[in-house]
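Trainee: Got a structure for you, written out below as structure tokens; questions coming shortly.
Just so it is clear, none of the values below were taken in a lab; they were calculated from the coordinates. Since the structure is predicted, the reported quantities are computational estimates derived from the model, not experimental observations. Counting neighbours? That spans all protein chains shown, and the Cβs are built from the backbone with ideal geometry, glycine included.
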Amino acid sequence: MKIQDVKKVALFGAGTMGPGLAQVFAQAGFELAMYSRKQATLDKAMVVIATNLQTLVEKKMLVPEAKDQILARINPTQSLEEAAASADVVIESIIEKLAEKKQLYGALDQICPEQTVFTSNTSYLNIFSVMPGQRLSNTVIAHWFAPPHVIPLVEVVKGQESSQETVDFIVELLKSVNKVPIVMEKFVPGFCVNRLLRIIGREVFFQLDNGYITADQLDLAVKASIIPRAMVLGFVQRYDFTGLDLSVRNLENPDFLEPPIDNAPSSLIKRVERGELGVKSGKGFYDYSDRKLEEILKDRDEKLMEVFDNVKDLIYKRI
Ligand SMILES: NC(=O)c1ccc[n+]([C@@H]2O[C@H](COP(=O)([O-])OP(=O)(O)OC[C@H]3O[C@@H](n4cnc5c(N)ncnc54)[C@H](O)[C@@H]3O)[C@@H](O)[C@H]2O)c1
């Protein structure tokens, strides 16, 4: 399939990720059906999209007339048949439960045209194991990052039977909606970035739990060093600048203290026990109790947009 052949994108799931996904495709000019089982979820999703677009208008990143045109390209529906019929591309973004995804794929298999390309936004699951066999060559994982209308990366993960044509098509489609796709050659739970984050998280909690540093000092440390540096050197190329020989010696250092595998870090658990769940409860590692959740999320999105706008020319550049 070619990008110009895509007449309809069908999105399944309109929860946390759904609205941003719908927005990205509609903003890029695609007609999109957004399916949810509940009308209330669809209504809420449309409000979220309208609010996101209004923010873009306020930041002069979108002309005001475009807002209604974009919203008009999204067809919210509770009918699975209506959403799936004649869909060229399926984006599955329902709850992260394999049994639910399996059931949905089975139902879509009955309705979608033979050539439909299937993508799943799963974060960890091996959805290839529950996709009807005849659909596997047209299936890849396309894993987005929250908020999906702001973060450029989408991890495209090949299944054993995914055709190269499908992979190439999805990569081109994602580029055409202004995203930055990367390809993973084979499935591993957590893919690239969430695996990195999990290992980093282990060290973060080790340092916090043992009182080596406070949360705000740790965040300041990474913002003033490895985070912007990685914009230039990534995580791999930086070894070339350190020197691979020195990197070997660093690994041999017997004084380095490895963090233990601790899946119940006390800095996390004690907060959860106190009901401190992060922005959604007004407090986590930081205090947000003086602002409404919508204000906090808007603040986050605006700052993220500013950052990505500033670094977009660096993303594909290499030394
Ligand atoms: N939240 C994130 O930060 C994030 C990031 C990347 C990927 N993901 C992945 O995206 C997917 C969706 O995540 P989310 O955070 O938007 O979840 P969510 O729980 O906010 O939304 C999922 C929606 O799917 C609906 N749903 C559940 N079962 C369904 C079914 N059988 N048929 C149709 N709809 C059903 C739920 O009612 C809900 O509206 C998951 O696979 C998740 O792993 C999430």
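Trainee: Looking at the square roots a ≥ b ≥ c of the eigenvalues of the Cα gyration tensor of segment 193-311, which shape do they give, rounded for a/c under 1.5, prolate if a/b is larger than b/c, or oblate?
Mentor: oblate
Trainee: Here's a follow-up. Shape of segment 1-77 from its Cα gyration tensor (a ≥ b ≥ c, root eigenvalues): rounded if a/c is under 1.5, otherwise prolate when a/b > b/c, or oblate?
Mentor: Since a/c reaches 1.5 but b/c is at least a/b, the shape of segment 1-77 is classed as oblate.
Trainee: At a Förster radius of 30 Å, what calculated FRET efficiency corresponds to the Cβ-Cβ distance of S79 and Q4, to the nearest 0.05?
Mentor: After rounding to 0.05, the efficiency reads 0.65.
Trainee: OK, next. Starting from the Cα of R300, step 7 Å toward the Cβ, then list every residue of segment 257-286 with an amide N under 13 Å from that point.
Mentor: Only 277-286 fall inside the zone, counting backbone N under 13 Å.
Trainee: Highest mean first, what order results for 254-261, 36-43, 183-190 on Cβ atoms within 10 Å?
Mentor: 36-43, 183-190, 254-261
Trainee: Same structure again: Between segment 224-291 and segment 117-189, what is the C-alpha centre distance in whole Å?
Mentor: Using only Cα atoms, the two centres lie 27 Å from each other.
Trainee: Need the full-extension length gain, F241 to E185, defined as separation in residues times 0.36 nm minus the C-alpha distance. One decimal, nm.
Mentor: 17.5 nm
Trainee: Compute the long axis of helix 193-209 from its Cα atoms, compare it with the longest principal axis of the Cα atoms of the chain, and write down the angle in degrees, 0 to 90, nearest 10.
Mentor: Roughly 40 degrees, rounded to the nearest 10.
Trainee: Could you tell me the calculated FRET efficiency between N253 and K317, based on Cβ-Cβ distance and R0 = 35 angstrom, to the nearest 0.05?
Mentor: About 0.60, to the nearest 0.05.
Trainee: Another one. Using a Gaussian network model of the chain whose springs link C-alpha atoms within less than 10 Å, name the residue from R300, R135, R291 with the highest mean-square fluctuation.
Mentor: R291
Trainee: Continuing with the same structure: Counting each DSSP H run of 4 or more residues in the chain as -39500 (n - 2.57), what helix-only mean residue ellipticity at 222 nm follows after dividing by all residues, to the nearest 500 deg cm²/dmol?
Mentor: Rounded to the nearest 500, it is -14000 deg cm²/dmol.
Trainee: Quick check for me: using +1 on Lys/Arg Cβ and -1 on Asp/Glu Cβ, what's the dipole size of the chain about its Cα centre, in debye to the nearest 20?
Mentor: Using Cβ point charges on Lys, Arg, Asp and Glu, the chain gives about 220 debye.
Trainee: May I pose another question? Using R₀ = 35 Å, calculate the FRET efficiency as 1/(1 + (r/R₀)^6) where r is the Cβ-Cβ separation of E31 and K283; round to 0.05.
Mentor: The calculated FRET efficiency here is 0.25.
Trainee: Quickly work out the K292-to-N310 label distance, labels modelled 7 Å from Cα along the C-beta direction, and quote it in nm with one decimal.
Mentor: Going by the 7 Å Cα→Cβ label model, 2.9 nm.
Trainee: Something else: Given labels modelled 7 Å from the Cα in the Cβ direction, how far is it in nm from R198 to K60?
Mentor: Each label point lies 7 Å from its Cα, and together they span 4.5 nm.
Trainee: Could I ask something else about it? Provide the packing ranking of 204-214, 75-85, i.e. peptides ordered by the mean count of other C-beta atoms within 10 Å per residue, highest first.
Mentor: Descending mean neighbour count gives 75-85, 204-214.
Trainee: With the cut-off at 1.5 for a/c, could you classify the chain from its C-alpha gyration tensor as rounded, prolate or oblate?
Mentor: Cα axes put the chain in the prolate bin.
Trainee: Any idea how far apart D68 and A99 come out in nm if each label point goes 7 Å out from Cα toward Cβ?
Mentor: 4.7 nm
Trainee: Kindly rank 273-282, 99-108 from highest to lowest mean number of other beta carbons found within 10 Å of each residue.
Mentor: 99-108, 273-282
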